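Read the structure below first, then the notes.
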């Protein structure tokens, strides 16, 4: 199989190729695994868009390589997702680990007056 020289392709050609490949992959067996992978590439803080269509939610996430990826989420899945997102949003942030070999924090006697 010969793969086209991707560096010579325009962004429009790359977008068309991605769309064609993803549509073809969806038709093939075996299907993409339902289990989440142990390692993956992830886009940090992607742009997103949410809307309703009938009873379902449309969720679109922008990936820098794949473009806008859309999902139709039915009410039961939407409720489960909202529950997890709410639970995560209410958790206190995890403090950053101190860098290796960092000096210990200075001792404090506390005290002080609160006015």
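Of the residues making up region 82-94, none is in a loop (DSSP other than H, G, I, E, B), modelled with pLDDT of 95 or more and exposed (fewer than 11 other Cβ atoms within 10 Å of the Cβ).
For region 72-81, residues that are surrounded by 13 or more Cβ atoms within 10 Å (Cβ to Cβ) and assigned to a strand (DSSP E or B) total 1.
Within region 1-20, residues that are free of Cβ contacts under 8 Å to residues at least 12 places away in the same chain and at negative phi have Cβ atoms under 8 Å from residues that are surrounded by 10 or more Cβ atoms within 10 Å (Cβ to Cβ) and part of a helix (DSSP H, G or I) in these pairs: 6/14; 9/17, counting only partners at least 6 apart in sequence or on another chain.
Would you confirm whether or not region 26-40 contains a residue that is more than 23 Å from the chain's Cα centre (by Cα), surrounded by 10 or more Cβ atoms within 10 Å (Cβ to Cβ) and outside any strand (DSSP E or B)? Looking through region 26-40, none of the residues is more than 23 Å from the chain's Cα centre (by Cα), surrounded by 10 or more Cβ atoms within 10 Å (Cβ to Cβ) and outside any strand (DSSP E or B).
Somewhere in region 47-62, is a residue surrounded by fewer than 10 Cβ atoms within 10 Å (Cβ to Cβ), in contact with a helix residue (DSSP H, G or I) (Cβ under 7 Å, 6 or more places away or on another chain) and modelled with pLDDT of 85 or more? Yes, there is a match, as at least one residue in region 47-62 is surrounded by fewer than 10 Cβ atoms within 10 Å (Cβ to Cβ), in contact with a helix residue (DSSP H, G or I) (Cβ under 7 Å, 6 or more places away or on another chain) and modelled with pLDDT of 85 or more.
Selection over region 41-71 of residues that are assigned to a loop (DSSP other than H, G, I, E, B) and within 30 Å of residue 14 (Cβ to Cβ) gives a count of 10.
The values are calculated or read from the model by the stated rules, or taken from the named source; none is laboratory data. Since this is a predicted model, take the numbers as computed values, not measurements. Every residue, glycine among them, receives a Cβ derived from its backbone with ideal geometry; neighbour counts consider all protein chains shown.
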